[in-house]
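Note sheet for the following structure.
The values are calculated or read from the model by the stated rules, or taken from the named source; none is laboratory data. The model shown is predicted, which means the values in this text are computed figures rather than measured ones. All Cβ positions, even for glycine, are placed from backbone atoms using ideal geometry, and neighbour counts span all protein chains on display. Heavy atoms of the whole protein, side chains included, go into the accessibility calculation; ligands, DNA and RNA do not. Shrake-Rupley method; radii C 1.70, N 1.55, O 1.52, S 1.80 Å.
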Amino acid sequence: KRTMADMRTIATAIEAYAVDNSFYPRGISDQPGMESHISPTYLKNMPNTDGWRRALMCNTDAQGASYTVLSYGRDAASGPATRGATSDFDDDIVYSNGVFIAWPEGIQNE
């Protein structure tokens, strides 16, 4: 839950940046790159890690038309492109362009 809340917080800051600039930060491929665009103006302290103390990933396309905030989950490995709710903490958590694309829900598999 904390990871998802932090991802929403980052996304809200990205959206605020877009309101002021008419595009998302362009060509970002890592969390420090995103932080340089949105902190401290849109987000005082950017969450750097997920609930498993691993880096949250942030990226945008070159045109600034879309963004993604990503946690690789408990296993810290990029998994298959699961869409929708998942019952496995090892699955990626993906927030893109204002909505969760993949997220943990319900009783989790150990």
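Quote to one decimal, in nm, the extra length available between Glu15 and Arg53 on full extension: 0.36 nm per residue of separation minus the C-alpha distance between them.
Result for the pair: 11.2 nm of gain on full extension.
Within the accessible area of the chain, what % is carbon and sulfur when the probe is 1.4 Å and the other protein chains stay in place?
50 percent
Running a GNM on the chain with Cα contacts under 10 Å, which residue among Leu56, Leu70, Leu43 ends up with the highest mean-square fluctuation?
Leu43
For the chain, go through all pairs of different Cα atoms, get the mean of 1/r, take its inverse, and jot down that Kirkwood value in Å. Write down the numbers at each step before the final one.
Numbers: mean 1/r = 0.0716 Å⁻¹.
One decimal place: 14.0 Å for the Kirkwood radius.
How far apart, in nm, are two points set 7 Å out from the Cα along the Cα-to-Cβ line at Val99 and at Ser78?
Simple spin-label model gives 2.3 nm for this pair.
In the range 14-97, with Lys and Arg counted as +1 and Asp and Glu as -1 at Cβ, which of these residues, Ser96, Met57, Leu43, has the Cα nearest the positive end of the dipole, that is, farthest along it?
Leu43
Projected area of the range 47-100, taken from the Cα convex hull and averaged over every viewing direction, in nm²?
4.1 nm²
Label Ser36 and Arg8 with points 7 Å out from Cα along Cα→Cβ: what is the distance between them in nm?
Result for the modelled spin labels: 3.0 nm.
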